[in-house]
Amino acid sequence: MLSGAMSRLAGYSGRPEMEPWGRNPRYNIYPTRDGKFVTVCLLEYRGWKRFCDYIGRSDLAPEESWADRHSDHGDRGEAFRKAIGDFCVAHDRDDLVEKMREEEIAICAVYSTDEA
């Protein structure tokens, strides 16, 4: 958060560009319809399956190994990234976070420095 504010002061966008956990699309930051951001924490299979079922994409959640969860998902990674990204950008951040809280799906708000 602070790095984004400092980046803006230095003349950069301050937009989050972080991609944690080895480029894993299921553990990442995504934009929402209102120009804000959420963090997606769906490494564990149970949470990933719950999310896929919720968005009507159960086909994206076949059984997987521990090693699969902690990777970039190879060829499937782009399909995961697109499904998550399309879902997030179709909702405003706060509405999305509330829906995910109700469904016990680990998608949380990323607050700007001003909001925090």
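Scanning region 78-116 for residues being assigned to a helix (DSSP H, G or I) and either among the acidic types (Asp, Glu) or at pLDDT below 95 (or both) gives a total of 10.
Is it the case that some residue within region 43-63 is at pLDDT 70 or above and in contact with a His (Cβ under 9 Å, 6 or more places away or on another chain)? Yes, some residue in region 43-63 is at pLDDT 70 or above and in contact with a His (Cβ under 9 Å, 6 or more places away or on another chain). Could you look through region 73-116, keep only residues that are closer than 18 Å to Arg33 by Cα and acidic (Asp, Glu), and pick out the one that is surrounded by the fewest Cβ atoms within 10 Å (Cβ to Cβ)? In this case the residue turns out to be Glu115.
The values are calculated or read from the model by the stated rules, or taken from the named source; none is laboratory data. In this text, all values refer to a predicted model and were calculated from it rather than measured experimentally. Don't worry about glycine lacking a Cβ; one is built from the backbone with ideal geometry, like all the others, and counts go over all protein chains shown.
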